[in-house]
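Inspection log for the structure reproduced underneath, given as structure tokens.
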Amino acid sequence: MGAVSNATYLGLDLSTQQLKAVVVDNDLAVLHETSVQFDNDLPEFRTYGGVIHKKDEPHVVVAPTLMWVKALDMILDKLRVCGVDFSKVAAISGCAQQHGTVYWGKGSRNQLQRLDPAKFLHEQLVTSFSVSPSPVWMDSSTTKECRMLEEIVGGPQKLAEITGSRAYERFSGPQIAKIARTRPEAFSSTERISLVSSFLASLFLGDFAPIDWSDGSGMNLLNIHTKDWDDVLLEACGLGLREKLGKPVSSSSDIGPISSYFVERFGFDEACRIIAFTGDNSGSLIGMRLKEGDVACSLGTSDSLFIWLNKPKIVLEGHVFCNPLDDDAYMALLCFKNGSLTRERIRDSAAQGSWQIFNELLESTPRGNFGNLGLYFDVQEILPFLIGDRRFNKANDEISRYSSKEVEVRALIEGQFVAKRAHAEDFGFVIGPNTRIIATGGASANKSILQVLSDVFNSPVYALELANSAMMGAAYQAKYALSQNESNFDEITRCLPEPALVCRPYHDAETIYKSLVVRYRKIIETAKNKTSTK
Ligand SMILES: O=C(CO)[C@@H](O)[C@H](O)CF
């Protein structure tokens, strides 16, 4: 079918809380967009924020694999009811929450290859998974496996040099190693291990889809220089892992035709191509059309900062991933686990659950918040590795509560962004006079929050018309991958509007927040020392 003028492209984002889908035309304009919210639309799975926190196993966080399958059944029917003509879709790509792992049991490939178009996917795949529910990125129960991986290659610095990151609890390698150690029978009966991204691609492909280099960089298993698995790390995690993972591919690979299941059930053209799916942050980098020098700030379930890198660097905090658009480039990522769910907690406790009241409270307090600074970590934070709430007054005494709700609200938002700036500077992000912060994710629609982001980074903040940059990135990748022999990515996306300026920093911002960043560093050093001596 190729890139013909009336072609459309389907992009999906399987994020933590929902599955989102968008159909764009040949000019990448949105024709249809819809979503399936896991908690509300699939209540039978009893998730909160799309995940399940295991009560009897601290730090274990999972998500029902079959819920994701059922969400795909639902979202395609929602698109069909919206009037989408699937026969025009020339290519499909997607992205998904990173690091989560899906374990396909013995015989599941055969099931994928022989799906009955008269039935729902979830009816046919209910027995396909050897491990379910799936461990997801919010899990932090694999510290033992992290230390093992670092030790086997000669330490965290060496692991970061090979895979782009020191070992992190949420990364797929430590997660797989834990399954192999604690559930050896399930591990040995596993035919294929997918990331959440390649799992979703497998459904469309009707076969096991390969892991792409960019999302594969979030596993502590892929050598980001050779773009191949590191055998020492594979063997340390589990026997036969190379075969279970399959060969990783470039993120803009055409991985094959759509499964006949979708042709017969939904009317897709058999010429529709499936493009490799990738991680949600990589999808956002594509959707934001990030330029060198820009800093992307994604404000979602997790918050993340990322930049384009022309070459890798070795860091002990943060991550270097293979670039999803340019096979010779990279991207830097800093991830903060306590994002929107923490903001919603304080919205509910301090602002009666109303964003309007939240914003009024935020705007009623001065920059610097009378010297108060707060850190709010509902779940084990990644950067810094701390958990719990910590509130400090202007004398830097830790206190149990603030005197007013408006101080609490500002302490949350300033604390989240001061932490981001401190860790970004430690990583080597250059925040200078020409820096643009490009905001995306749900909270990027909140101008009051973006004003604090602008002040803390002393940089102007821009936002895209569409907050769902990861989903849009998937649609752009679908078209780009089909057309990359004729046009480069900039040419493909030139028709799109540039990010719009939302706010600029106040003149006093740099003075206020430069000192808050110093204070933040001292607070977390003290807190980490206290935690390590416990
Ligand atoms: O863990 C993360 C990145 O390393 C998060 O951004 C997840 O991808 C969110 F789904």
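Just so you know, all these numbers are worked out from the coordinates, no wet-lab data involved. Everything numeric in this text was worked out from a predicted model, so none of it was measured. Note that each Cβ is placed from the backbone with ideal geometry, even for glycine, and that neighbours are counted across all protein chains shown.
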Q) LYS119: which lysines have alpha carbons under 30 Å from its alpha carbon, excluding same-chain residues fewer than 8 sequence positions away? A) LYS20, LYS70, LYS78, LYS88, LYS106, LYS244, LYS479
Q. How high is the FRET efficiency from SER515 to ASP397, r the C-beta distance, R0 22 Å, rounded to 0.05?
A. 0.80
(Q) Under 17 Å between alpha carbons, and skipping anything fewer than 8 positions from LYS405 in its own chain: which lysines qualify? (A) LYS394
Q) So for segment 177-220, taking the charge dipole from beta-carbon charges (+1 Lys/Arg, -1 Asp/Glu), which of MET219, ALA180, PHE204 sits furthest toward the positive end? A) ALA180
Q. Quick one: putting +1 on the C-beta of Lys and Arg, -1 on the C-beta of Asp and Glu, what dipole do you get for segment 317-388 around its Cα centre, in Debye to the nearest 20?
A. 400 debye
Q: Lys and Arg at +1, Asp and Glu at -1: add these up for the other residues within a Cβ distance under 11 Å of ARG494 and post the number.
A: -3
Q. Under a point spin-label approximation (7 Å from Cα along Cα-to-Cβ), what is the ASP231-ILE152 distance to one decimal in nm?
A. 1.4 nm
Q: Give me the distance in nm between label points sitting 7 Å out from Cα along the Cα-to-Cβ direction at ASP39 and ARG181, one decimal.
A: 3.2 nm
Q.
Quick check: convex hull of the Cα atoms in segment 1-74, volume per residue, rounded to a whole Å³?
A. 111 Å³
Q: Quick one: dipole size for the chain, taken about the Cα centre, charges +1 on Lys/Arg Cβ and -1 on Asp/Glu Cβ, in debye to the nearest 20.
A: 1320 debye
Q: Would you mind working out the magnitude of the charge dipole of segment 1-59 relative to its Cα centre, with +1 at each Lys and Arg C-beta and -1 at each Asp and Glu C-beta, to the nearest 20 Debye?
A: 160 debye
Q.
Sorted from largest to smallest, which semi-axis lengths in Å does the alpha carbon gyration tensor of segment 36-117 give for its equivalent ellipsoid, taking the root of 5 times each eigenvalue?
A. 27, 18, 12
Q. For segment 444-497, how big is the tail of P(r) above 12 Å, as a whole percent of Cα pairs?
A. 71 percent
Q: Figure the gain on full extension for GLN113 and ASN310 (residue separation times 0.36 nm, minus the Cα-Cα span) and round it to one decimal in nm.
A: 67.0 nm
Q) What are the radius of gyration and Dmax of segment 91-173, computed over its Cα atoms and given in Å? A) 17.2, 53
Q | Relative contact order computed over segment 183-321 (Cα-Cα under 8 Å; 6+ residues apart), in percent | A | 23 percent
Q.
Could you compute Rg(Cα) / (2.2 N^0.38 Å) for segment 423-512, with N its residue count?
A. 1.30
Q | Sorted largest first, extent of the chain alpha carbons per principal axis (Å) | A | 67, 50, 45
Q.
With the cut-off at 1.5 for a/c, could you classify segment 188-320 from its C-alpha gyration tensor as rounded, prolate or oblate?
A. oblate
Q: Just subtract the alpha-carbon distance of ARG504 and ASP490 from 0.36 nm times their residue separation and send over the number in nm, one decimal.
A: 2.3 nm
Q) Is any residue of segment 437-465 close enough, with backbone N under 15 Å, to a label point placed 7 angstrom from the Cα of LYS291 along the Cα-Cβ axis, and if so, which? A) 437-439, 460-464
Q) In segment 305-398, what trypsin sites (Lys or Arg not before Pro) fall in a loop by DSSP, with at most 13 other Cβ atoms inside 10 Å? A) LYS394
Q) Can you give the Kirkwood hydrodynamic radius of segment 393-451 from its Cα pairs, in Å with one decimal? A) 13.8 Å
Q) Any idea how far apart THR127 and ALA329 come out in nm if each label point goes 7 Å out from Cα toward Cβ? A) 4.8 nm
Q: Can you spot the lysines whose alpha carbon is less than 18 Å from LYS291's alpha carbon? Ignore those fewer than 8 places along the same chain.
A: LYS311
Q. Which chymotrypsin sites (Phe, Trp or Tyr not before Pro) from segment 456-506 combine a DSSP loop assignment with at most 16 other Cβ atoms within 10 Å?
A. TYR506
**Q.** Coil-residue GluC sites (Glu not before Pro) of segment 249-302, DSSP, other Cβ within 10 Å capped at 16
**A.** GLU270, GLU292
